[in-house]
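**Student:** Structure provided below as structure tokens; questions to follow.
The values are calculated or read from the model by the stated rules, or taken from the named source; none is laboratory data. If you're wondering where the values come from, they're calculated on a predicted model, not measured in any experiment. Note: ideal-geometry Cβ built from the backbone for every residue, glycine included; neighbour counts use all protein chains shown.
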Amino acid sequence: MELNLAAFLSCHKALVEDSAVWGDLPLRITSYLSNELPPSHYITSVRGIIFHNDSILVVRNPQGIHISPGGQREAGETLEETLRREVLEETGWTITEVRMLGFVHFHHLNPKPPDYKYLHPDFIQLIYVAQAAQFIPEAKLVGDYEIESGFRPLDEVKTLNLSPGERLALDAALKYLSLNSECKTCCSEALFNRLHRGAIGGCSIGMLGRTRGILLLPHTEGR
């Protein structure tokens, strides 16, 4: 691991460690809650938990279902632009009120294979929370890796066969939205807007960063 990434991770609390095998590539997966961006070089993809009222956007691909649409960064995009594009292409939805929740650090355990085109040995996926805005069905890519998507009530989502990591990621998103709702109730509009932008401390994402949880993201072909 390069020094800049190691230094960054040393300042954040690892909440859970897991392992996975992608094809024949074993990885160690470590998850964090934070609104601080890791070094940009290591960020390969961006994902989000998308809400619409009391419903969650659920996505199905050949590997199963998950609740974090998103994907690989493209050259010249900001992180938020990547998330907006990927969610639109995979689900047909535009999003708003985008906010970072945390990140997941992936570390390859084996040497880099010949002609391997992805970042190695370390890379990071970010996870955000956002609200659905407008449905544009023609914007969804035909033949995409994600087969179908749709909103399901929160109570139903909680009964789905989600991984423990996804359940805790969802819980983190719900905590954040609850805190924002409290801010809207107790704060003036100007103060709430400052809190939401992270201009001052308060009941925004800084409080969520002290909430225990994990963010484990499903594997996709676009890493």
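**Student:** Could you list all residues from segment 21-54 that are under 11 Å from H105 (Cα atoms) and either in a loop (DSSP other than H, G, I, E, B) or of a type in the set (D, E) (or both)? Give the derivation first.
**Tutor:** Within segment 21-54, the first condition is being under 11 Å from H105 (Cα atoms), and the residues that meet it are 27-32, 38, 42-44.
The one that is under 11 Å from H105 (Cα atoms) and either in a loop (DSSP other than H, G, I, E, B) or of a type in the set (D, E) (or both): P38.
**Student:** Could you please give the count of residues in segment 61-79 that are among the charged types (D, E, K, R) and without any contact (Cβ under 8 Å) to a residue 24 or more places away in the chain?
**Tutor:** So the count comes out to 2.
**Student:** Step by step: first the residues of segment 1-20, then only those that are of a type in the set (S, T, N, Q) and in a helix (DSSP H, G or I), then the one that is farthest from N35 (Cα to Cα). Which residue is that? Please lay out each step first, then the result.
**Tutor:** Residues of segment 1-20 of a type in the set (S, T, N, Q): 4, 10, 19.
Filter once more, so that each one left must be in a helix (DSSP H, G or I): 4, 10.
Details: N4: 18, S10: 15 Å.
Looking at residues that are of a type in the set (S, T, N, Q) and in a helix (DSSP H, G or I), I get N4.
**Student:** Can I ask one more? H66: modelled with pLDDT under 95, within 23 Å of E36 (Cβ to Cβ) and either hydrophobic (A, V, I, L, M, F, W, C) or out of contact with any helix residue (DSSP H, G or I) (no Cβ under 6 Å at 6 or more places or on another chain) (or both), yes or no?
**Tutor:** Values: modelled with pLDDT under 95: yes; within 23 Å of E36 (Cβ to Cβ): no; either hydrophobic (A, V, I, L, M, F, W, C) or out of contact with any helix residue (DSSP H, G or I) (no Cβ under 6 Å at 6 or more places or on another chain) (or both): yes.
Judged against the criteria, H66 is not a match.
For (1) modelled with pLDDT of 95 or more; (2) at positive phi; (3) in contact with a helix residue (DSSP H, G or I) (Cβ under 7 Å, 6 or more places away or on another chain), each residue gets a yes or a no:
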residue	(1), (2), (3)
L15	no, no, no
P38	yes, no, yes
V46	yes, no, yes
R73	no, no, yes
L79	yes, no, no
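**Student:** Related question: Would you please list the contacts, defined by Cβ atoms under 9 Å and residues six or more apart or on different chains, that run from a residue in segment 154-173 that is free of Cβ contacts under 8 Å to residues at least 24 places away in the same chain to a residue that is polar (S, T, N, Q) and surrounded by 14 or more Cβ atoms within 10 Å (Cβ to Cβ)?
**Tutor:** Matching pairs, first to second residue: E156/S55.
**Student:** Output yes when any residue across segment 126-149 is under 30 Å from L3 (Cα atoms), among the small types (G, A, S) and surrounded by 12 or more Cβ atoms within 10 Å (Cβ to Cβ), and no when none is. If you could, list the steps in order and put the result at the bottom.
**Tutor:** Our first condition is that a residue be under 30 Å from L3 (Cα atoms); within segment 126-149, this holds for 126-129.
So of that shortlist, the ones also among the small types (G, A, S) come out as none.
Within segment 126-149 (the criterion being under 30 Å from L3 (Cα atoms), among the small types (G, A, S) and surrounded by 12 or more Cβ atoms within 10 Å (Cβ to Cβ)), the answer is no, since none of the residues qualifies.
**Student:** Would you list the helices (runs of 4 or more DSSP H) that sit entirely within segment 107-211 and hold 2 or more residues that are touching a strand residue (DSSP E or B) at 6+ places or on another chain (Cβ under 7 Å) and either within 22 Å of E74 (Cα to Cα) or modelled with pLDDT of 90 or more (or both)? Please lay out each step first, then the result.
**Tutor:** Numbers: elements: 154-157, 164-186, 189-196, 205-208.
It comes to 154-157.
**Student:** Among the residues of segment 60-99, write down those that are among the aliphatic types (A, V, I, L, M), out of contact with any Asp or Glu (no Cβ under 8 Å at 6 or more places or on another chain), surrounded by fewer than 22 Cβ atoms within 10 Å (Cβ to Cβ) and in a strand (DSSP E or B). Before you say what the answer is, go through the steps one by one.
**Tutor:** First pass over segment 60-99, keeping only residues among the aliphatic types (A, V, I, L, M): 65, 67, 75, 79, 83, 87-88, 95, 98.
Of the ones still in play, those that are also out of contact with any Asp or Glu (no Cβ under 8 Å at 6 or more places or on another chain) are 65, 75, 79, 83, 87-88, 95.
Those left that are additionally surrounded by fewer than 22 Cβ atoms within 10 Å (Cβ to Cβ): 65, 75, 79, 88.
Within segment 60-99, I65 is the sole residue that qualifies.
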